[in-house]
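Here is the structure we will look at.
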Amino acid sequence: MATPSSTASPLFLREDEVRRGIELLYFGYSHMTRSIDEGLSAQGLGRAHHRALYFIARQPGLMIGDLLALLAITKQSLGRVLNELIERGLVDTRRGELDRRQKLLYLTEQGQAMEAELFDALREKMATAYVQAGQGSVTGFWQVLEGLIPEQDRGMIAALRKS
C-alpha cells in the first residue's frame, strides 16, 4: 500500500518525479538481476547469456535474426554468446523446415533446467514486489514500462505473450 511519501505528486511530470522513476527503475532492475549474477558467474556466464536463454525459452525455434532484434546487440556479440551456449550444451540449432538457410534456436534439456532455475530466482523477486504493490499497481507498472518501448518494437513483446 502506498504511503503519502511514496505517492506521486499530482504534478508527476516534474523533474524530481521523473528522476525518482528513473532511479527506481534503475535500482530495481539492478537488484533483481544481481540475484542471478552469482549463479551465472559460477557458470562463467553473464547477463547476455541469460537474456538469450530467457528469450529462446519463451520462443523455442526462435530465428537468430529475431533474437538479435530482441536483444538489440551486435551480431558479433550475439555470435560470441550463442557459441558459448552451444559449446556448453545449453542451446541447440536446427535448420528451418521451409527455409533450410534459417537457424532455429532451442534450449537443450540442460539449457531448460538452467533457464528455469534462473527464472525461479527472478520470479521470486517480481512476485514479492507485485504483492507489495498490490494488484492495481501491476497493470500501471506494465503500462509505464510499455510506454518506454518504441511503438515499432511493441510487436516483439506482444509475440512473447502469445508464447
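A short reminder: the numbers here are calculations on the coordinates, not readings from a lab. Predicted model, so just to flag it, every value in this text is computed and none were measured. In this analysis, Cβ positions are derived from the backbone assuming ideal geometry, glycine residues included, and neighbour counts consider all displayed protein chains.
So here's what we get for this one:
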{"read-out": "Relative contact order (percent, whole number), the chain, Cα cutoff 8 Å, 6+ residue spacing", "value": "23 percent"}
{"read-out": "Fraction of the pair-distance distribution of the stretch 48-89 above 17 Å, Cα-Cα pairs, percent", "value": "17 percent"}
{"read-out": "Residues of type aspartates and glutamates that LYS162 reaches as a straight line, Cα spacing below 17 Å, ignoring anything fewer than 8 places off in the same chain", "value": "ASP66, GLU146, ASP153"}
{"read-out": "Inter-probe distance in nm under a simple model that places probes 7 Å from Cα toward Cβ, at ASP16 and ILE149", "value": "3.3 nm"}
{"read-out": "Modelled label reach - GLU87, point 7 Å along Cα→Cβ, the stretch 30-68 residues with backbone N closer than 19 Å", "value": "40-53"}
{"read-out": "Computed [θ] at 222 nm, deg cm²/dmol, the chain (DSSP H ≥ 4; -39,500 (n - 2.57); rounded to nearest 500)", "value": "-22000 deg cm²/dmol"}
{"read-out": "Dimensionless Rg/Rh of the stretch 56-163 - Kirkwood Rh, Rg from C-alpha atoms", "value": "1.02"}
{"read-out": "Ranking of GLU109, GLU84 by count of other Cβ atoms within 10 Å, fewest first", "value": "GLU109, GLU84"}
